[in-house]
Amino acid sequence: MENCYFEQEKQKMNEYLPPNLRRILPYVQAECDRYEYSGSPMFDEYPDAMMLDSMCSRIYERLMEQEPSLFEEPVAEEVSGLYDSSVFATSRRRRPPRRDGSPVRDVIWGLLGNECFSRRCRDHCDRCRDHVRWR
C-alpha cells in the first residue's frame, strides 16, 4: 500500500482521538481488514446496512470480551451522613449490553463508517490510477 498524503493525514488525525476511541479503533480496523478483498461487499456501490450492522456487532462483542472497562461508567452512590464531603462518591459498574442506544455501539458505528469510507476512497483511487496506467 502506497503511503500517500491522505493516509498520512488519516494517521495523524487518528492520533488526536480521545484515549477510549484509540482503544476501539484497532478492533474496527481489524474487522475492516477481513473485508478488504477484491469483490468485497464493503466496496459495493451501495454497501449493505445489514453487513455494516453485523460488522459493528462483531466489534462490539470483541470489545465486551477484551476491553470490559469501556463498558463501565461512574455511578453516584449515596453515602450516609448529611455533612459528609463525599456524598456522591463514584464507583464503577458494568452497563448491561444493549443492541441499540449504547454509547459504545454508537462510537463503533462512527469509527466503522469513517474507516469504511477511507478504504472505499483508497480503493477507488487505486482503481482510477490503474485504469489511467493501462490506457
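Couple of notes before you dig in:
- Lone qualifier among Cys128, Cys116 - being modelled with pLDDT under 80, of a type in the set (A, V, I, L, M, F, W, C) and outside any strand (DSSP E or B): Cys128
- Within the stretch 1-19, the residues that satisfy the criterion of being loosely packed, with under 13 Cβ neighbours inside 10 Å and aromatic (Phe, Trp, Tyr) are Tyr5, Tyr16.
- For the stretch 1-14, the candidate set comprises residues that are assigned to a helix (DSSP H, G or I) and touching a helix residue (DSSP H, G or I) at 6+ places or on another chain (Cβ under 8 Å); within that set, the residue that is modelled with the highest pLDDT is Asn14.
- Checked against the criterion of being in a loop (DSSP other than H, G, I, E, B), modelled with pLDDT under 90 and among the hydrophobic types (A, V, I, L, M, F, W, C), the candidates Leu82, Leu17 yield just one match: Leu82.
- Pairs are defined by a Cβ separation below 7 Å, a sequence spacing of at least 6 or placement on different chains, a first member in the stretch 13-42 that is without any contact (Cβ under 8 Å) to a residue 12 or more places away in the chain and over 13 Å from Cys56 (Cα atoms), and a second member that is of a type outside the set (Phe, Trp, Tyr) and surrounded by 12 or more Cβ atoms within 10 Å (Cβ to Cβ); the pairs so defined are Asn14/Leu25; Leu17/Leu25; Pro41/Pro47; Pro41/Met51.
- For the stretch 20-58, taking the residues that are assigned to a helix (DSSP H, G or I) and of a type in the set (Asp, Glu), the one that is surrounded by the most Cβ atoms within 10 Å (Cβ to Cβ) is identified as Glu31.
- Of the candidates Glu45, Glu67, the single residue that is modelled with pLDDT of 85 or more and over 19 Å from the mean Cα position of the chain (by Cα) is Glu45.
- Which listed residue is more than 22 Å from Arg34 (Cβ to Cβ), modelled with pLDDT of 65 or more and not in a strand (DSSP E or B), from Gly110, Gly101: Gly101
The values are calculated or read from the model by the stated rules, or taken from the named source; none is laboratory data. Treat the numbers as computed from the prediction; the structure is a model and nothing was measured. Ideal geometry is used to build each Cβ from the backbone, glycine not excepted, and the neighbour counts take in all protein chains shown.
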